[in-house]
Amino acid sequence: MVSDKWGIGHSVSGVMPNGEKFSGEVFGYDEATGLVTVRAPGNIGGTHDVRIVKAEACTDVKSIPPKTPAKTDGAMPAVDDTRCKKREEENIKAAQARAANIGVGVTQEAQDIFDALARTLPCRWADRDIVVMDEVVIGAPYSTCAGVAGGDPRAVERVQKVLANEKKKLGL
């Protein structure tokens, strides 16, 4: 049975389990899965942002029924495939970038040091070594820096100072 809160056409707002707030119009409700499709005006005129949420997992839900009965002819709005592909590619790149910042086979301490350095300096993992600005390498136990061939020696000094300060902040 469709919950009174999730009637098609209702204006709803609430909080998802991750703490993110949502608001919009109920576009669809699937009783079998308890999933609700909520759409809100998009940033580009004539477009909508669509969000699918698990109804029972949402909190602080407020629902206002429409003034006139909702039209439920089943017609779906047009979807811009090019825009969808672009958003998908952007999200995949962002996920790959986040994954590249996770060291494989490193200690939590090493990951914490990497995360702290990466907030202010461009960093990447090279096996278990942290490479900073493509000029400085920090190897286990992550206490000293070494320059790369042809690199700027001032970069090593700078990164060594930042490393010492970040380790101090982390209590390491």
Legend entry - Rg and Dmax of the chain, Cα atoms only, in Å: 24.6, 72
Inset, instruction - Keeping all protein chains in place, calculate the accessible area per residue for the chain (probe 1.4 angstrom), answer in Å². - result: 68
Inset, instruction - Return the FRET efficiency for the residue pair Glu31, Asn91: r is the Cβ-Cβ distance, R0 is 30 Å, and the value is rounded to the nearest 0.05. - result: 0.50
Inset, instruction - Kindly flag which residue pairs out of Lys93/Lys161; Lys85/Lys169; Lys21/Lys93; Lys54/Lys85 have an alpha-carbon separation exceeding 30 Å in this structure. - result: Lys93/Lys161; Lys85/Lys169
Legend entry - Additional length obtainable on full extension of the chain from Arg98 to Thr120, 0.36 nm per residue less Cα span: 6.4 nm
Legend entry - Neighbour net charge for Gly34 - beta-carbon separation under 9 angstrom, K R +1, D E -1: -2
Inset, instruction - With the full set of protein chains in place, find how many percent of the accessible area of segment 1-137 is carbon and sulfur; take the probe as 1.4 Å. - result: 53
Inset, instruction - Compute the convex hull volume of the Cα atoms of segment 133-172, divide it by the residue count, and report the result per residue in Å³ as a whole number. - result: 57
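The values are calculated or read from the model by the stated rules, or taken from the named source; none is laboratory data. What you see is a predicted model; the values in this text were computed from it and never measured. We place every Cβ from the backbone using ideal geometry, glycine too, and count neighbours over all the protein chains shown. Surface areas here come from the heavy atoms of the whole protein model, side chains and all, with no ligands, DNA or RNA. Shrake-Rupley method; radii C 1.70, N 1.55, O 1.52, S 1.80 Å.
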